[in-house]
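Right, one structure below, let's go through it.
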Amino acid sequence: MKLHEYQSKDLLAKYGVPVPGGRVTSDPAEATKIAEEFGGKVVVKAQVLMGGRGKAGGVKLFSSAAEAGAFTKELIGKRLVSIQNPTGMVVEQVLVAEQIDIAEEYYLSVLLDRAVQKLVVMISKEGGMEIEEVAATKPEAIVRLHVDNAWGLADFEIRDAVQRAHIPAKAQRQMVTMIKGLVQAYIASDADLVEINPVALTPEGKLIAADAKVSIDENALYRHGEYEETKDASAEDPIEAEAARRGIAYVRLPGDIGIIGNGAGLVMCSLDEVSKAGGKPANFLDVGGGAQADRVKACVELVLMDPGIKGLLINIFGGITRGDQVAMGILQALNELDVKIPVVARIEGTGAAEGLELLKPTSIIGAATMQEAAEKVVAAAYA
């Protein structure tokens, strides 16, 4: 679950990471007052959980408090649309923060390296850029430091990593302190990711977290009630947000073949088979074990919220999930929704015969294997 920028900075500040002064508001008059506290020299940032805020017009620098207030009035209630989020998100609040003079920009993050089952600190002098771009074009510019699960990090290890990242001598001690704070914040908040990009070095030689991103492990949210209100809004995609509200495991993908299955492994295989057949998966959706008809219907409804869907593949291997319940859910969806796209269903296992019998009178296309189902849905969708 992603946190807003102001929440991320508040968290980091608790662990000694320097952040710019500022406050969040949805009131233009209050935005003006906040800006006045910093002499009018502020940056106003839309607090929406999407990438590309700046290019979408959601971030702007000001030297006048009145102008900052006027921009806030213009921004509140506006839908920002970016390449990363073409459906857009409505701005409900802004962060009004002091401007920082930046001499140099660095990158710093903490995340889990699943390959070695340890936290890893990533440091780069190439701040202000997407880390994926740096990794692709200048991989040597990223220094990785793994955190020992039992002993944590020793100061000498951090100092060595900072030096290898070619952070200037005048900023190295501050960077060591900042890294220690980031690791503490990551562990205390049950985070998936803590990132500062950029870490700003001011002309006076001070390091500040100019921007921050924090993502919390949703399985640990019961320990962090302060972020409960952020939960529903944390998904950048509106369909993903709706899926979160319904408790459905759904990830939207940039394709046009909808996919529903039971079990993450089976769904992933379905995505691969659709791709192999020449199709482009539009989503990952796992109905979960033991799904009843009403949940299957809700899953079909969710997938069809994507207006670009051209075909739907339903791939069920019955165990605790019964094929007849799946079929009843599909029938409910067909009866209540205006389904105009081809639907291919492959149902095997418990209750499969009963389920397939229920679907016979419908327009649903049957398939005996996953591969056959993938080929049929692609052929029908692109016919």
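Any read-out appearing in this document is the output of simple, stated calculations on the displayed coordinates, not a laboratory observation. As the structure is a prediction and not an experimental result, all values here were calculated from the model. Note that we place each Cβ from the backbone using ideal geometry, even for glycine, and neighbour counts take in every protein chain shown.
Quickly work out the Asp155-to-Lys276 label distance, labels modelled 7 Å from Cα along the C-beta direction, and quote it in nm with one decimal. Placing both labels 7 Å beyond Cα along the Cβ direction yields 5.6 nm.
For region 39-51, putting each phi into the Karplus relation 6.51 cos²θ - 1.76 cosθ + 1.60 with θ = phi - 60° gives couplings of x, x, 8, 9, 10, 10, 10, 4, 9, 10, 8, 8, x Hz, in residue order, rounded to whole numbers and with x for Gly and Pro. Estimated at 0.36 nm per residue, the fully extended path between Glu204 and Ile102 surpasses their Cα-Cα distance by 35.8 nm.
Within straight-line reach of Lys360, meaning a Cα separation under 14 Å, sit the following aspartates and glutamates at least 8 residues removed in sequence or on another chain: Asp324.
For the chain, a Gaussian network of Cα nodes joined below 10 Å ranks Ala209, Ala115, Ala367 by mean-square fluctuation, and the top entry is Ala115.
Across the options Asn262, Ala241, Gln117, the greatest Cα extent toward the positive end of the charge dipole of the chain (unit charges at beta carbon of Lys, Arg, Asp, Glu) belongs to Gln117. Between the helical axis of 264-276 and the dominant principal axis of the chain, each derived from Cα atoms, what acute angle in degrees is found, rounded to the nearest 10? Helix 264-276 and the main axis of the chain meet at about 80 degrees. Whole-Hz Karplus values for region 184-193 come out as 4, 5, 4, 5, 5, 9, 6, 7, 9, 7 Hz, taken residue by residue from phi with 6.51 cos²θ - 1.76 cosθ + 1.60 and θ = phi - 60°; glycine and proline positions read x. Computed over Cα pairs, the Kirkwood radius of region 21-98 leads via Stokes-Einstein (1.002 mPa s, 20 °C) to a diffusion coefficient of 178 µm² per second.
Of the cross-linked pairs Lys138/Lys180; Lys41/Lys78; Lys118/Lys138; Lys78/Lys340; Lys45/Lys118, those separated by over 29 Å at the C-alpha level are Lys78/Lys340; Lys45/Lys118.
Return the FRET efficiency for the residue pair Ile341, Val120: r is the Cβ-Cβ distance, R0 is 56 Å, and the value is rounded to the nearest 0.05.
Details: r = 43 Å, r/R0 = 0.77.
Calculated value: 0.85.
In debye, nearest 20: dipole of the chain around its Cα centre with unit charges on the Cβ of K, R (+) and D, E (-)? All intermediate terms of the calculation are to be shown ahead of the outcome.
On the way: 40 positive and 53 negative charges, 77 e Å.
Value, rounded to 20: 360 debye.
Packing-based ranking of 183-191, 53-61 yields 183-191, 53-61, ordered from highest to lowest mean Cβ neighbour count within 10 Å. For region 249-383, just say rounded, prolate or oblate: build the C-alpha gyration tensor, square-root its eigenvalues into a ≥ b ≥ c, call rounded for a/c under 1.5, and beyond that prolate if a/b exceeds b/c, oblate if not. Judged from the Cα gyration tensor, region 249-383 comes out rounded (a/c under 1.5). Its Cα centre serving as origin, region 238-381 has a Cβ charge dipole (Lys and Arg +1, Asp and Glu -1) of approximately 120 debye. In this calculation the C-beta distance from Glu140 to Ala353 is compared with R0 = 56 Å, giving a FRET efficiency of 0.40. Rounded, prolate or oblate: which fits region 115-219 when a ≥ b ≥ c are the square roots of the eigenvalues of the alpha-carbon gyration tensor, with rounded for a/c under 1.5 and prolate only if a/b beats b/c? Taking the square roots of the gyration eigenvalues as a ≥ b ≥ c, region 115-219 is rounded.
Given their separation in residues at 0.36 nm each and the Cα-Cα distance between them, Glu132 and Gln172 gain 12.0 nm when the chain is fully extended. Close amide H pairs (under 5 Å, H built 1.01 Å from N) link Gly349 with Gly318, residues at least 5 positions away or on another chain. Among 148-154, 79-85, 354-360, the peptide with the highest mean count of other Cβ atoms within 10 Å heads the list, and the full ranking is 354-360, 79-85, 148-154.
Each of Val44, Val59, Gln93 was scored by the projection of its Cα onto the charge dipole of region 21-98, and the greatest displacement toward the positive side belongs to Val59; charges sit on the C-beta of Lys, Arg, Asp and Glu. With contacts taken as Cα pairs under 8 Å and at least 6 residues apart, the chain reaches a relative contact order of 13 percent.
For region 327-335, the Karplus equation 6.51 cos²θ - 1.76 cosθ + 1.60, evaluated at θ = phi - 60°, returns couplings of 4, 5, x, 5, 4, 4, 5, 5, 6 Hz by residue, with Gly and Pro reported as x.
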